[in-house]
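Q: Dumping the structure here so I can ask a few things about it.
The values are calculated or read from the model by the stated rules, or taken from the named source; none is laboratory data. For clarity, every value in this text was computed on a predicted model and none was experimentally measured. Here the Cβ positions follow ideal geometry from the backbone for every residue, glycine too, while neighbour counts run over all protein chains shown. The area values use the complete protein model at the heavy-atom level, side chains included, leaving out ligands, DNA and RNA. Shrake-Rupley method; radii C 1.70, N 1.55, O 1.52, S 1.80 Å.
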Amino acid sequence: MAILDIIEVPDARLKVISKPVETVTDAHRTLIADMFETMYDAPGIGLAAIQVGVPERILVIDLQRPADGTPEDADPKDVKYVRDPLVFINPEVTWASEELAVYNEGCLSVPEMYADVNRPARIRATWLDETGAAHDAELDGLLATCLQHEMDHLNGVLFIDHLSKLKRDMLLKKLDKQRRQAA
Ligand code: NI
């Protein structure tokens, strides 16, 4: 496994429309393992293949979940979270609720910048996993938000593209300033 370089704005590759995967191969599974390692290292909760420069419709997400056997009424500070890796290949949204949910989003390609984005609160989606098996499920909460954010990457769209130009320019300016200070 390897930690890959994550590309950042304004890299033009982030605007590329990624291609569907025709057959899930061992090469894809190696890429997926590297994407997880890269995401955990960053750290982040989702990563699209294009963010490591590969224009294929592949995403990894891990929102973590309470360890098995955690009581429903456990004190939040006592809950131990474990990894819960999810792979989405060729994901498609087949239904979206009219009801929206707002989430303060961030992105490993727009480091340390956050903004509220509205998206459908619930979606129904289809996808393949790393074995090539097909899935069809209704998703809500953070997973629905995160999947929509990551699917945007496959179409060359960043969360900042959902903001007004004024807000987007402000965030990009802030990012520039932060990079200059770090240099
Ligand atoms: Ni992102």
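Q: Within 15 Å of the ligand (Cβ to nearest atom), modelled with pLDDT of 95 or more and over 18 Å from L143 (Cα atoms): does that describe V60?
A: No: the conditions fail for V60.
Q: Take the conditions in contact (Cβ under 8 Å) with a residue 12 or more places away in the chain, assigned to a strand (DSSP E or B) and within 16 Å of the ligand (Cβ to nearest atom) and apply them to V102. Does it pass?
A: On the way: in contact (Cβ under 8 Å) with a residue 12 or more places away in the chain: yes; assigned to a strand (DSSP E or B): yes; within 16 Å of the ligand (Cβ to nearest atom): no.
Here the answer is no, as V102 does not meet what is asked.
Q: With the structure loaded, tell me whether A144 is closer than 23 Å to E56 by Cβ, more than 12 Å from the ligand (Cβ to nearest atom) and part of a helix (DSSP H, G or I) or whether it fails that test.
A: Yes; evaluated as a whole, the condition is true for this residue.
Q: If a residue has to be among the hydroxyl-bearing types (S, T, Y) and either assigned to a helix (DSSP H, G or I) or within 11 Å of the ligand (Cβ to nearest atom) (or both) to count, how many in region 147-164 make the cut?
A: Within region 147-164, residues that are among the hydroxyl-bearing types (S, T, Y) and either assigned to a helix (DSSP H, G or I) or within 11 Å of the ligand (Cβ to nearest atom) (or both) number 0.
Q: Another question, then. Are there any pairs, at least 6 apart or on different chains, whose C-beta atoms fall under 6 Å, with the first in region 124-146 and of a type in the set (D, E) and the second at pLDDT 95 or above, and if so, which?
A: Taking only residues 6 or more apart or on different chains, the pairs are D129/V87; E130/R29; E130/I32; E130/V87; D136/T126; E138/R124; D140/R122.
Results for (1) of a type outside the set (A, V, I, L, M); (2) within 13 Å of the ligand (Cβ to nearest atom); (3) closer than 12 Å to S109 by Cβ, shown as yes or no for each residue.
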position	(1), (2), (3)
M1	no, no, no
L4	no, no, no
I7	no, yes, yes
D11	yes, yes, yes
A27	no, no, no
M35	no, yes, no
G44	yes, yes, yes
L47	no, yes, yes
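Q: Now for a different question. Hey, does region 107-125 have a residue that's part of a helix (DSSP H, G or I) and either open to solvent by less than 80 Å² (accessible area, probe 1.4 Å) or at pLDDT below 95 (or both)?
A: no
Q: Right, next: Quick one: count up the residues across region 41-97 that are surrounded by fewer than 19 Cβ atoms within 10 Å (Cβ to Cβ), charged (D, E, K, R) and assigned to a loop (DSSP other than H, G, I, E, B).
A: Adding up the residues that qualify gives 7.
Q: With the structure loaded, tell me whether D129 is over 19 Å from I17 (Cα atoms) and touching a strand residue (DSSP E or B) at 6+ places or on another chain (Cβ under 8 Å) or whether it fails that test. Steps first, please.
A: Details: over 19 Å from I17 (Cα atoms): yes; touching a strand residue (DSSP E or B) at 6+ places or on another chain (Cβ under 8 Å): yes.
Against the criterion (over 19 Å from I17 (Cα atoms) and touching a strand residue (DSSP E or B) at 6+ places or on another chain (Cβ under 8 Å)), D129 qualifies.
Q: Quick one: how many residues across region 6-32 are charged (D, E, K, R), without any contact (Cβ under 8 Å) to a residue 12 or more places away in the chain and open to solvent by less than 90 Å² (accessible area, probe 1.4 Å)?
A: Residues of region 6-32 that are charged (D, E, K, R), as a first pass: 8, 11, 13, 15, 19, 22, 26, 29.
Still in the running and without any contact (Cβ under 8 Å) to a residue 12 or more places away in the chain: 22, 26.
Those left that are additionally open to solvent by less than 90 Å² (accessible area, probe 1.4 Å): none.
Adding up the residues that qualify gives 0.
Q: Out of curiosity, is K167 closer than 17 Å to D11 by Cα, surrounded by fewer than 16 Cβ atoms within 10 Å (Cβ to Cβ), more than 13 Å from the ligand (Cβ to nearest atom) and at pLDDT 95 or above?
A: So K167 does not fit the description; no.
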